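S.K.: This is the structure I have questions about; it appears just below.
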Amino acid sequence: MKKHIVLLLVILGIVTPQAFAGPDAASSPAKEGYALIDTAGLKKILDAGKATTVIDARNAEEYQEVHIKGAINIPEKKFSEYVSLLPPDTSAGLVFYCNGVKCGKSKKAAIKALALGYTKVFVYDEGMPVWEEKGLPIYAGPDYEKRIETTKMSSKDLDRLIKSGRDSYTLVDVRDPEEFAADHIATAVNIPVNTFAVRSGVLEKEKQIIVYCNSGGRSYNAYRKLQKLGYEDIRQVIFADWKAAGLPVKK
């Protein structure tokens, strides 16, 4: 299957066969007419210097804070106003992205580009959070390092929530797997912060997401990534406070 996908991309003229030599590169067609491309695939296209336009479909504020280096901004909601930024040649390669697999802006913008007659349209659905998490080239605006205020949850409130048996939240331990194995809060799932954006697709946006680490540094970073991914109901808990309160941990 993968060979057929690579062949399709070569036929379209967007990449050479060598551009997809890495094991992580992947692209797959979608029924809407665009193709999906992963981080390794997009990186190889850009490294190869192919004439491909990378388009950030998020709003202008998000784009100004941080975007893939060299990308242009065509907000999906204002697509018709910015359409003149697209290359005049409808056979040119276009890659749209936004804030990850659960963000629909890039796919909606790609469909609009297809409707205009563009034939080589791709969606990088892992998006900005994964590109940034992997340390790939970005433009960082003046507000990029600006601190955010997290919403804290006390250990006692979390304990009451767990004991209630409600299914309205997901508790995430963002420490390393070895730390999680040593001890963690019952009901927690482990998603280490250094792969948080990559694996965030398992988290339901309809639920409250509660992140914790030992002292707050890593859970702050996870909280910030969740905000960028479009999660709205987020809380932060400190594991050291949980243990200081004498609350139970699972070995």
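S.K.: Identify the residue in region 130-143 that is closer than 17 Å to residue 224 by Cβ and either outside any helix (DSSP H, G or I) or not assigned by TED's automatic domain parsing to the domain that holds residue 63 (or both) and, among all such residues, is nearest to the chain's Cα centre (by Cα). Talk me through it step by step, then tell me what you get.
M.R.: Initially, region 130-143 is screened for residues closer than 17 Å to residue 224 by Cβ, giving 130-135, 138, 140-143.
Applying the additional criterion that residues be either outside any helix (DSSP H, G or I) or not assigned by TED's automatic domain parsing to the domain that holds residue 63 (or both) yields 134-135, 138, 140-143.
Details: 134: 11, 135: 13, 138: 14, 140: 16, 141: 19, 142: 21, 143: 19 Å.
Per the stated criteria, the residue is 134.
S.K.: Would you be able to tell me the number of residues in region 215-231 that are surrounded by 17 or more Cβ atoms within 10 Å (Cβ to Cβ), free of Cβ contacts under 8 Å to residues at least 40 places away in the same chain and closer than 22 Å to residue 159 by Cα?
M.R.: 1
S.K.: Check 124, 118 and return the single one that is closer than 24 Å to residue 225 by Cα and touching a Leu at 6+ places or on another chain (Cβ under 7 Å). Walk me through it before giving the result.
M.R.: Values: 118 fails: closer than 24 Å to residue 225 by Cα.
Selected residue: 124, the only one of 124, 118 that is closer than 24 Å to residue 225 by Cα and touching a Leu at 6+ places or on another chain (Cβ under 7 Å).
S.K.: Looking at 93, 165, 127, 117, which is the one that is out of contact with any strand residue (DSSP E or B) (no Cβ under 8 Å at 6 or more places or on another chain) and in the same structural domain as residue 78 (by TED's automatic domain parsing)? If you could, list the steps in order and put the result at the bottom.
M.R.: Numbers: 93 fails: out of contact with any strand residue (DSSP E or B) (no Cβ under 8 Å at 6 or more places or on another chain); 165 fails: in the same structural domain as residue 78 (by TED's automatic domain parsing); 127 fails: out of contact with any strand residue (DSSP E or B) (no Cβ under 8 Å at 6 or more places or on another chain).
Going through 93, 165, 127, 117 in turn, just one is out of contact with any strand residue (DSSP E or B) (no Cβ under 8 Å at 6 or more places or on another chain) and in the same structural domain as residue 78 (by TED's automatic domain parsing): 117.
S.K.: What are the residues in region 155-198 that are exposed (fewer than 15 other Cβ atoms within 10 Å of the Cβ) and within 19 Å of the chain's Cα centre (by Cα), if any?
M.R.: 189, 194, 195
S.K.: Is one or more of the residues making up region 148-163 touching an Asp or Glu at 6+ places or on another chain (Cβ under 6 Å), assigned to a strand (DSSP E or B), on the phi < 0 side of the Ramachandran plot and touching a residue at least 12 places away in the same chain (Cβ under 8 Å)?
M.R.: Our first condition is that a residue be touching an Asp or Glu at 6+ places or on another chain (Cβ under 6 Å); within region 148-163, this holds for 155.
If we keep only those that are assigned to a strand (DSSP E or B) as well, we get none.
No: zero hits.
S.K.: Ok, one more. For region 232-244, what are the residues that are assigned to a loop (DSSP other than H, G, I, E, B) and either outside the structural domain of residue 216 (by TED's automatic domain parsing) or surrounded by 13 or more Cβ atoms within 10 Å (Cβ to Cβ) (or both)? Break it down stepwise before answering.
M.R.: So the first thing to find is which residues in region 232-244 are assigned to a loop (DSSP other than H, G, I, E, B), and the list is 232-233.
Once the filter is applied, which keeps residues that are assigned to a loop (DSSP other than H, G, I, E, B) and either outside the structural domain of residue 216 (by TED's automatic domain parsing) or surrounded by 13 or more Cβ atoms within 10 Å (Cβ to Cβ) (or both), region 232-244 yields only 233.
S.K.: Does region 72-110 hold any residues that are hydrophobic (A, V, I, L, M, F, W, C), surrounded by fewer than 22 Cβ atoms within 10 Å (Cβ to Cβ) and either free of Cβ contacts under 8 Å to residues at least 60 places away in the same chain or part of a strand (DSSP E or B) (or both), and which are they?
M.R.: Of all residues in region 72-110, those hydrophobic (A, V, I, L, M, F, W, C) come to 72, 74, 79, 83, 85-86, 92, 94-96, 98, 101, 103, 109-110.
With surrounded by fewer than 22 Cβ atoms within 10 Å (Cβ to Cβ) added as a condition, the list becomes 72, 79, 83, 85-86, 92, 101, 103.
Matches in region 72-110: 72, 79, 83, 85, 86, 92.
S.K.: While we're looking at this one, here's another question. Look through region 218-251, keep the residues that are among the aliphatic types (A, V, I, L, M) and closer than 21 Å to residue 66 by Cα, and return whichever of them is modelled with the lowest pLDDT. Steps first, please.
M.R.: Step one: filter region 218-251 for residues among the aliphatic types (A, V, I, L, M), giving 222, 226, 229, 234, 237-238, 240, 244-245, 247, 249.
Keeping just the survivors that are closer than 21 Å to residue 66 by Cα gives 222, 226, 229.
On the way: 222: 96, 226: 96, 229: 93.
Looking at residues that are among the aliphatic types (A, V, I, L, M) and closer than 21 Å to residue 66 by Cα, I get 229.
S.K.: Could you please give the count of residues in region 33-57 that are part of a loop (DSSP other than H, G, I, E, B), crowded, with 20+ Cβ neighbours inside 10 Å and at pLDDT below 95?
M.R.: Looking only at region 33-57, we keep the residues that are part of a loop (DSSP other than H, G, I, E, B), and these are 33-34, 38, 48-51, 57.
Within this subset, residues satisfying the condition of being crowded, with 20+ Cβ neighbours inside 10 Å are 34, 57.
With the extra rule that they be at pLDDT below 95, the set shrinks to none.
Total meeting the criteria: 0.
The values are calculated or read from the model by the stated rules, or taken from the named source; none is laboratory data. The structure displayed is predicted, hence computed values, not measured ones. Because the Cβ atoms are built from the backbone with ideal geometry, glycine has one as well, and the counts that use them run over all protein chains shown.
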